[in-house]
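See below for the structure under consideration.
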Amino acid sequence: MIVDGREIARDIESKLKKTFAAYDKEPHIDFLSFGEDPSTRSFLNIKRRVAKRIGVDLHIHELPENTIESAAEKILQSLVDGQSDGVVVQLPLPSYFNRETFLDIVPKEKDIDCLSPNALELYRKNENVFVPPVAAAVEEILSRNNIDLLDKKIAIVGYGNLVGKPVSLLLENKGAEFEVFNSDSDLNRLREV
């Protein structure tokens, strides 16, 4: 099976554009980013272009890598308290930040990337407002291709907060059987699955 991610993205963009056009005002989303990593900037530029195409008012707030955590917390809180319909903290955070505490500033109603431990736990219980993006993408692919997960051998490589953990929670909620593998796992077992 070959998945055409660009085709899926175009289809979703088209649907979102129609949905947002019916709103009284454009959805307002704030991104908070740290440092000047070229790949992060490229990613944010893609987000900016997509937001413009679908009718989302996107604001990117870039802070220096050496921003003091307490100052960044105040800025993030002001974004949460402001006009924003959604807030995304662009990872990675500076290494000296308390990741969980910082991400938990964004309440579930505005945590559109489900990055906070609270949002992820609510997603695990099927109680969150949003679905983690990678889990949503996997769910979309499964749905579009009518893939039934029963009696399938499923391997998840890695258990990171952006990919492995949300996908494992998705599969758990669907009652699927799966195994999680990491760098310490037996590669022969991975091949079996």
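Remarks
- Estimated 222 nm signal from helices in the chain, with DSSP H stretches of n ≥ 4 weighted -39500 (n - 2.57), rounded to 500: -14000 deg cm²/dmol
- Residue exposure proxy: Val89, Val138, ordered by other Cβ atoms within 10 angstrom of their Cβ from fewest to most, comes out as Val138, Val89.
- Net charge of Cβ neighbours under 10 Å - reference Glu127; Lys, Arg +1; Asp, Glu -1: +2
- Summarising the strand pairing of the chain, around 0 percent of its internal DSSP beta bridges are antiparallel.
- Long-range HN-HN contacts of His61 with modeled amide H, under 5 Å: Phe31, Leu32, Ser33
- Residue-by-residue Karplus 3J(HN,Hα) for the stretch 109-116, coefficients 6.51, -1.76, 1.60, Hz, glycine and proline x: 5, 10, 7, 6, 9, 6, 8, 6
- Where trypsin sites (Lys or Arg not before Pro) in DSSP loops with at most 11 other Cβ within 10 Å are excluded, longest remaining stretch of the chain: 26-124
- Subtracting the Cα-Cα distance of Asp148 and Asp24 from 0.36 nm times their residue separation leaves 40.8 nm of extension gain.
- Residues in the stretch 15-47 that a label on Leu162 would reach, taking backbone N under 20 Å of a point 7 Å out along Cα→Cβ: 30-47
- Counting only lysines at least 8 places from Lys18 when in the same chain, those with an alpha carbon closer than 29 Å to its own are Lys47, Lys52, Lys108, Lys110.
- When you filter the chymotrypsin sites (Phe, Trp or Tyr not before Pro) in the stretch 44-110 for DSSP loop state and at most 14 other Cβ atoms inside 10 Å of their Cβ, you are left with Tyr96.
- Ser78 versus Ala9: modelled label distance in nm, points set 7 Å from Cα along the beta carbon direction: 3.3 nm
- Lysines with Cα under 17 Å of Lys152, excluding same-chain neighbours fewer than 8 positions away: Lys174
- Subtracting the Cα-Cα distance of Asp186 and Asp104 from 0.36 nm times their residue separation leaves 26.0 nm of extension gain.
- Per-residue ³J(HN,Hα) for the stretch 177-184, Karplus 6.51 cos²θ - 1.76 cosθ + 1.60, θ = phi - 60°, Hz, x for Gly and Pro: 8, 8, 10, 9, 10, 9, 5, 8
- Measuring nothing but how far apart in sequence close Cα pairs (under 8 Å, 6+ apart) lie, relative to its length, the chain scores a relative contact order of 15 percent.
Values quoted throughout were computed directly from the atomic coordinates according to the rules given, and no laboratory measurement underlies them. Predicted, not measured: the structure shown is a model, and the values here were computed from it. Using ideal geometry, Cβ is built from the backbone for each residue, glycine included, and neighbour counts are taken over all protein chains shown.
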